[in-house]
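The values are calculated or read from the model by the stated rules, or taken from the named source; none is laboratory data. Predicted, not measured: the structure shown is a model, and the values here were computed from it. Glycine gets a Cβ as well: all are built from the backbone with ideal geometry, and neighbour counts include every protein chain shown. These area figures cover heavy atoms from the full protein model, side chains too; ligands, DNA and RNA do not enter into them. Shrake-Rupley method; radii C 1.70, N 1.55, O 1.52, S 1.80 Å.
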Amino acid sequence: MGRLAEWRRIARAHPAVVDALLAAALFVAGLLPVNPPGAPLSLAAVLLAAIGSGALAVRRRHPLPVLALTTVSVVLAQLAGVARGPMVLTVAIAAYTVATRADRRTAAVAGLVGASAVGAAAIATLGVVGLDPAVVVLLLWFGVAVAVGDAVRSRRAYVAVREEGARRAERIRAEEALRRVAEAPTEPAPSLNRLDALVEGFSTGEPVRWTVAGQPRPLPTEVDVAAYRIIEESLTNAHRHAPGAAVAVRLRYDPDGVAIEVRDTGAETSPSPEPSAGLGLPGMRERVEAVGGTFTAGPRPDGGWSVRAELPAAEEQAD
């Protein structure tokens, strides 16, 4: 199996060399006597064998002309009585090559024409009436050659489609990876370490005070992100629903976690406190409860809106 695989690899890499070797082998075989065994070798036999077998060296580039040339050389050799060895194989190989490179109809017509010509010459040479068994076998060889060639062509087309699909999928994956790289966020990940920048961004449109109580410490990533997002969404809602109102942010670190409170003094009008975009109150509640915390939100007795969240994060759970 190893040698066969190596031979196939070489054949795929150097098809012209393979065809040249095949042509040379068939030329030598075409000089072998068939009937009678001791018939002398004539110049005509050598020339016709050289033409028929030599044409196979370019069978992949010119399949139809090669089939025509091999057919003519074999028919002439048969009619001249100088057909020697397996000269007829050159026509079968040429018909096979046409079937591997042309559409099915073209291959069938070309193979039928070649088989008919060689068969008629064989009948005339043998002097038989009708189809002699030897002629029938000869014609069957042509049919098999065309059928095998067509199967090979179909297989190659199927493999080519699969390979093209695989290449297209790989290209799409590569393009998607490049797109993702181009869109990888450049901003730092959400974290309470960036709370000052977050508050400063909202302070440009309305007064925001913020205080931190307790000793800040690293938090588990999910708790850190949840706390940041709760403050961010609360500030967004205050800016949207109470523009110009004073906002206070309080963050307290406890041994068992962190507590957050964001409240505003309310707007002159009373728009709906339910945010229209972003996380929304249900989204903030789900985010808090996902890390095992508690969440409350609602209007304050003296006006405005308040959001409170307590997130568990024992000191030994810190990253």
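Please go through region 45-70 and give me each residue that is open to solvent by 70 Å² or more (accessible area, probe 1.4 Å) and within 14 Å of V82 (Cβ to Cβ), ordered by number.
Those that are open to solvent by 70 Å² or more (accessible area, probe 1.4 Å) and within 14 Å of V82 (Cβ to Cβ): L47, I51.
Which condition number does S154 fail, the rest of (1) polar (S, T, N, Q); (2) open to solvent by 100 Å² or more (accessible area, probe 1.4 Å); (3) at pLDDT 85 or above being met?
So S154 meets the others, but not (2).
For region 52-87, which residues satisfy the criterion of being within 46 Å of the chain's Cα centre (by Cα), assigned to a loop (DSSP other than H, G, I, E, B) and more than 20 Å from V28 (Cβ to Cβ)?
Within region 52-87, R60, R61, H62 meet the criteria.
For region 226-266, which positions are open to solvent by less than 20 Å² (accessible area, probe 1.4 Å) and over 51 Å from the mean Cα position of the chain (by Cα)?
Matches in region 226-266: A242, A245, V247, A248, V249, D264.
Being open to solvent by less than 60 Å² (accessible area, probe 1.4 Å), within 27 Å of H14 (Cβ to Cβ) and out of contact with any Cys (no Cβ under 9 Å at 6 or more places or on another chain), is that true of even one residue in region 71-85?
Yes, region 71-85 contains at least one residue that is open to solvent by less than 60 Å² (accessible area, probe 1.4 Å), within 27 Å of H14 (Cβ to Cβ) and out of contact with any Cys (no Cβ under 9 Å at 6 or more places or on another chain).
Tell me, yes or no, whether region 82-96 has at least one residue that is touching a Lys or Arg at 6+ places or on another chain (Cβ under 6 Å), polar (S, T, N, Q) and closer than 21 Å to V148 by Cβ.
Among the residues of region 82-96, not one is touching a Lys or Arg at 6+ places or on another chain (Cβ under 6 Å), polar (S, T, N, Q) and closer than 21 Å to V148 by Cβ, which makes the answer no.
Output the residues belonging to region 39-67 that are of a type outside the set (K, R) and free of Cβ contacts under 8 Å to residues at least 12 places away in the same chain.
So the first thing to find is which residues in region 39-67 are of a type outside the set (K, R), and the list is 39-58, 62-67.
Answer for region 39-67, where residues must be of a type outside the set (K, R) and free of Cβ contacts under 8 Å to residues at least 12 places away in the same chain: P40, L43, L47, H62, P65.
Find all pairs meeting these conditions: Cβ atoms under 8 angstrom apart; at least six residues apart or on different chains; first residue within region 300-312 and closer than 10 Å to R263 by Cβ and without any contact (Cβ under 8 Å) to a residue 24 or more places away in the chain; second residue aromatic (F, W, Y) and open to solvent by 30 Å² or more (accessible area, probe 1.4 Å).
From residues that are closer than 10 Å to R263 by Cβ and without any contact (Cβ under 8 Å) to a residue 24 or more places away in the chain, there are no pairs.
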